[in-house]
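Inspection log for the structure reproduced underneath, given as C-alpha cells.
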There are 2 protein chains.
Amino acid sequence: MDLLLLSNSTGDAGYLAHARDAITELAVGCKTACFVPFAGVTRDWDTYEALVRDALSPMGIQVRSLHHAADAEAARQVIDMAKLIVVGGGNTFRLLQCLRERDLLAPIAARIRSGGARYVGWSAGANLACPTICTTNDMPVANPGGLDALGLVEFQINPHYFNVVLPGFCGETRDQRLAEFTTLHPKVPVLGLPEGNWIRVRSARMDLGGAHTSRWFLGARIQDVQPGPLSLPL
Amino acid sequence: MDLLLLSNSTGDAGYLAHARDAITELAVGCKTACFVPFAGVTRDWDTYEALVRDALSPMGIQVRSLHHAADAEAARQVIDMAKLIVVGGGNTFRLLQCLRERDLLAPIAARIRSGGARYVGWSAGANLACPTICTTNDMPVANPGGLDALGLVEFQINPHYFNVVLPGFCGETRDQRLAEFTTLHPKVPVLGLPEGNWIRVRSARMDLGGAHTSRWFLGARIQDVQPGPLSLPL
C-alpha cells in the first residue's frame, strides 16, 4: 500500500502547497487522479474539483472528480481503473454517507490494498483511511449509516490536532474528547496530527512528515513523536 | 411539556449554579429526580450522580441515577414513574447509544410529552431533546445507531455556541460547521446557544434565558436573539 494522509489542505503558501513534495513523491508516474469530492458540503463539487485541479496540475497530475460518474456502477468502474485516488477534506460524515450510499467503500479499500492505486487524503480524507471515523472533529450533519470506514491503517487519526484551552469556554478540549475515545476503546491508538503534518505509508513502513511534533494516545498513555520513522505506540 | 435546555453545566460559581433559579422554577413541587448519566464517559456514572446530587440537593431535589436500574425493563419503569428527568452532558453519541440500546428513547419522549414528567438537560442533554443530534459539537466516540433523538422541540440546538477563529487553525469554525448543517437541512432552524444561556419551554411558549445573545441559523439566514420570549426564525 502507498498512502499519504495529511492533516490539512490549506496553509499560507496556498492549497496543498505545504505538501507539494510529499504528493509529488507519492504520485510519481501517475498522470491522472480520481478525486473524491464528497466531503464538500458548502463548497459544491464542481468548485471543489477546480480547486484541486489547480493545485495538482502544476505537479503534472490531471484531476477528474468522481461525481461526474453517471451512477454508482460507473463510479465503481472509475475506482477499479484508478491509479491514484485523492480524497478531499470537508465533512467526514457526509463523505462516508456518500461513499456508503454508492457502495464504494469496499471497492476503494480493495483497489488500494491490491496496490493498484495509491491514496492521498487530507482531513476527512485522512480520517476515512482509518478503521472508523470516530476521531473526526466534524459535526455529524449527515447520517453515515455506521462509523466504520476504509481501515487502510490500523490506528485512528485526529486531524487538525491541537489542545488550545479557550478562556470562558466550558465545552471539552481536544484532549478531553480524545480521552473519551481512548476510555471506550483503550486498545486503539490515535495519532493527533497537527496542521502541516502528514503520515506516509509504504507497505509496512510508516513515516511522519511535516515540521511539528505529533502525539500518540493509547488508553491513558500519551507519547509525543517527532517527524521521521513512525511506529505504533507500545 | 415543561423543558429546561441549558447550554452548559459549569461556571465560575459552581456546577449548575448559574441555572439555579431556572431549575428551581421548573422543578417546583418535584422532590426527586431521575438522573440520566449516560453521556458521562471519562467520569464514571457513580461519580457523576454524586456531582449532580450535590448540585441539586440544595434546591430540595433528591437525585437517583438511572444506571442503578437492574436492567432495561427496570429502567423503563423508573422513567414511567418519574416526575423530573434530568439528562447530564458529556458525550452526545454515547448518551444516545446507551438510551437506544436500552429502548428508552420512546418511553422518555412519551413521559415528557404526556406532561407526566418535566425535563432538564444540559449540553448533550439539551441536544437529546432535539429532532436529531446532528448539531452536537462532540466527537463520535460511540455508534448511536442513528442520529435521531427525542424530538421534544422542533429545532436544533448547538450548545457551547461561539465562533472564535483561532490563528493558524485550518479546521472549520463553528459557523462553518453549522453552515454545513443548514446547507444539507435548509428548513431546520438551529439555535446557537452560548455558555450561560438556556431555553425554557412551557407547552407552546418558549423563552430564552441567561445573559447573552443567542443566534438562529435557518438556511443561509442568521438572526441574533436577545433573552426573553423566543420564537422560531421566520
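A few remarks follow.
- Here A:GLY115 fulfils each of the conditions (1) touching a residue at least 60 places away in the same chain (Cβ under 8 Å); (2) surrounded by 14 or more Cβ atoms within 10 Å (Cβ to Cβ); (3) of a type outside the set (Phe, Trp, Tyr) apart from (2).
- A single entry from B:ALA211, B:ALA220, B:ALA129 fulfils the requirement of being in contact (Cβ under 8 Å) with a residue 24 or more places away in the chain, farther than 23 Å from B:THR92 by Cα and small (Gly, Ala, Ser): B:ALA220.
- Boolean, B:GLY125 is exposed (fewer than 15 other Cβ atoms within 10 Å of the Cβ), within 21 Å of B:GLY40 (Cβ to Cβ) and more than 7 Å from chain A (Cβ to nearest Cβ): no
Listed here are the residues, each with its yes/no results for (1) touching a Gly at 6+ places or on another chain (Cβ under 6 Å); (2) of a type in the set (A, V, I, L, M); (3) part of a loop (DSSP other than H, G, I, E, B); (4) more than 21 Å from B:VAL141 (Cα to Cα).
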{"position": "A:ILE108", "(1), (2), (3), (4)": "no, yes, no, yes"}
{"position": "A:ARG111", "(1), (2), (3), (4)": "no, no, no, yes"}
{"position": "A:GLY196", "(1), (2), (3), (4)": "yes, no, yes, yes"}
{"position": "A:VAL201", "(1), (2), (3), (4)": "no, yes, no, yes"}
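- Just one of the numbered conditions (1) in contact with a Lys or Arg (Cβ under 8 Å, 6 or more places away or on another chain); (2) under 28 Å from B:ASN137 (Cα atoms) is not true of B:THR32: (2).
Yes/no matrix, rows are residues, columns are (1) more than 10 Å from chain A (Cβ to nearest Cβ); (2) touching an Asp or Glu at 6+ places or on another chain (Cβ under 8 Å):
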position: B:PRO140; (1), (2): no, no
position: B:GLU172; (1), (2): no, yes
position: B:LEU191; (1), (2): yes, no
position: B:ILE199; (1), (2): yes, yes
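- A single member of A:PHE162, A:PHE93 is within 14 Å of chain B (Cβ to nearest Cβ), surrounded by fewer than 19 Cβ atoms within 10 Å (Cβ to Cβ) and aromatic (Phe, Trp, Tyr), and it is A:PHE162.
- Selection count, the stretch A:1-18, where residues are of a type outside the set (Gly, Ala, Ser), assigned to a loop (DSSP other than H, G, I, E, B) and out of contact with any Cys (no Cβ under 6 Å at 6 or more places or on another chain): 4
- With respect to the conditions (1) farther than 23 Å from B:ARG43 by Cβ; (2) surrounded by 17 or more Cβ atoms within 10 Å (Cβ to Cβ); (3) touching a residue at least 24 places away in the same chain (Cβ under 8 Å), A:CYS134 lacks only one, and its number is (1).
- No other residue among A:ALA69, A:ALA33 is of a type outside the set (Asp, Glu), more than 14 Å from chain B (Cβ to nearest Cβ), out of contact with any strand residue (DSSP E or B) (no Cβ under 9 Å at 6 or more places or on another chain) and surrounded by 15 or more Cβ atoms within 10 Å (Cβ to Cβ) apart from A:ALA69.
- Test: residue in the stretch A:156-178 that is part of a loop (DSSP other than H, G, I, E, B), within 11 Å of the chain's Cα centre (by Cα), under 28 Å from B:PRO131 (Cβ atoms) and touching a residue at least 12 places away in the same chain (Cβ under 8 Å): no
- Any hit, the stretch B:144-155, residues being surrounded by fewer than 23 Cβ atoms within 10 Å (Cβ to Cβ), at negative phi, touching a strand residue (DSSP E or B) at 6+ places or on another chain (Cβ under 6 Å) and at the interface with another protein chain (Cβ under 7 Å from one of its Cβ atoms): yes
- Residue list for the stretch B:203-226, restricted to those being assigned to a loop (DSSP other than H, G, I, E, B) and surrounded by fewer than 19 Cβ atoms within 10 Å (Cβ to Cβ): B:SER203, B:ALA204, B:ALA211, B:HIS212, B:THR213, B:GLY219, B:ALA220, B:GLN226
Bear in mind that the values in this text are calculations on the coordinates, not laboratory data. Model, not experiment: these values are computed from the prediction. Neighbour counts are summed over all protein chains in view; Cβ atoms, including those assigned to glycine, are modelled from backbone coordinates with ideal geometry.
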